[in-house]
Amino acid sequence: MTACEYLEQTRDRVQGLGSGLTAAQANWRSVPESWSINEILEHLTITERMTLIGIRRALQGDSAAAADLANTQGMEDVIVGRVPLRTSKIIAPPPMLPSGSIGDWPVALEGFLAARAKTLAADAKATEAFDSRVFPHPVLGNLTLRQWLLFSAAHSDRHAGQIEELLEQLAELPHLEQG
C-alpha cells in the first residue's frame, strides 16, 4: 500500500468513526486522565500540521548526510508494523498535546480532515527530495520526508483504534446515545 492509499484509508476510517457523534459523545472521557474523541482529533490535527511544517523546513535545507539516510533504511516496516499497535502507551511531546485550541465538536474533525487534505497534497507533490531529506521523530529517530507521510497515516490508524475503544464504551452508556 502506498502512503497516499494509507493516508486516504485512515482519513476515511477516522471520518467514519466521527460521523454522527454529538458534542457530548465527542467530549466524553472514559477516565478523567484519558483523551476524548475531540482531543484525539485535535492531537491528530496538531501532529499533521507540525509534520507539514517540518517537511517544508527540511525541503529548504540540503540533502541529509549518508549516515543519517542509512539510519532510515527499513523504517517503513517499523512505521506500518508498530506505530498502529496500541500495546504500549506513548506520551506525546507537549506541543502535540490537545489544549482546546482547535475548537469543539465538530471543528476538531473538520480540522483533522483539512490537515489530512494538505498531507495528501504534499504526498501528491513529493519529489525525490522527500527521500533525501530527514528530520527527527521524538521516538523513532530520523525519518525521511516520505516516511513522515507514512507515519501520518500510521499515527491516525493508531488513534482510530483508540476512538473505536471509546465508541465501544460509549455504546454501553444509554444517556450518551449516538445522535
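Which order do the peptides 110-119, 69-78, 37-46, 127-136 take when ranked by the mean count of other beta-carbon atoms within 10 Å per residue, highest first?
On the way: 110-119: 18.7, 69-78: 13.9, 37-46: 24.7, 127-136: 16.3.
Ranking, from highest mean packing down: 37-46, 110-119, 127-136, 69-78.
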With a Förster distance of 22 angstrom and the Cβ-Cβ distance between Thr127 and Ala70, calculated FRET efficiency to the nearest 0.05 equals 0.60
Out of Ser34, Val78, Ala67 - ranked by how far each Cα lies towards the positive end of the dipole of region 28-84, with unit charges on the beta-carbon of charged residues - the top one is Ser34
Between Val107 and Ala92, the two model label points (7 Å from Cα along the beta-carbon direction) sit apart by a distance in nm of 1.6 nm
Taking only protein heavy atoms and a 1.4 Å probe, the highest-to-lowest accessible-area order of Ser152, Ser101, Ser30 is Ser101, Ser30, Ser152
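Once R0 is set to 35 Å, what does the formula 1/(1 + (r/R0)^6) return for the Cβ-Cβ distance between Asp62 and Val31, expressed as a FRET efficiency to the nearest 0.05?
On the way: r = 47 Å, r/R0 = 1.33.
Taking R0 as 35 Å, the efficiency between Asp62 and Val31 is 0.15.
Would you work out what percent of the accessible area of the chain, with all protein chains in place, is carbon or sulfur (probe 1.4 Å)? Before the final figure, lay out each step's value.
Details: 5020 of 9260 Å².
Taking all protein chains in place, the chain shows 54 percent carbon and sulfur surface.
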Sorting Phe130, Leu140, Leu113 by the position of each Cα along the dipole of region 99-147 (Lys, Arg +1; Asp, Glu -1; all at Cβ), the one nearest the positive end of that ordering is Phe130
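How big is the charge dipole of region 56-165 about its Cα centre, in debye rounded to the nearest 20, if each Lys and Arg gets +1 on its Cβ and each Asp and Glu gets -1 on its Cβ? Provide the component values of the computation, followed by the final result.
Values: 11 positive and 12 negative charges, 36 e Å.
For this selection, approximately 180 debye.
Helix-derived [θ] at 222 nm for the chain: sum -39500 (n - 2.57) over DSSP H runs of at least 4, divide by residue count, nearest 500?
Computed mean residue ellipticity for the chain: -18500 deg cm²/dmol.
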Taking 0.36 nm per residue of separation between Gln15 and Arg82 and subtracting their Cα-Cα distance, the length gained on full extension comes to 21.9 nm
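The values are calculated or read from the model by the stated rules, or taken from the named source; none is laboratory data. Source: prediction; values computed, not measured. Note that each Cβ is placed from the backbone with ideal geometry, even for glycine, and that neighbours are counted across all protein chains shown. These accessible areas exclude ligands, DNA and RNA; they are computed on the full protein's heavy atoms, side chains included. Shrake-Rupley method; radii C 1.70, N 1.55, O 1.52, S 1.80 Å.
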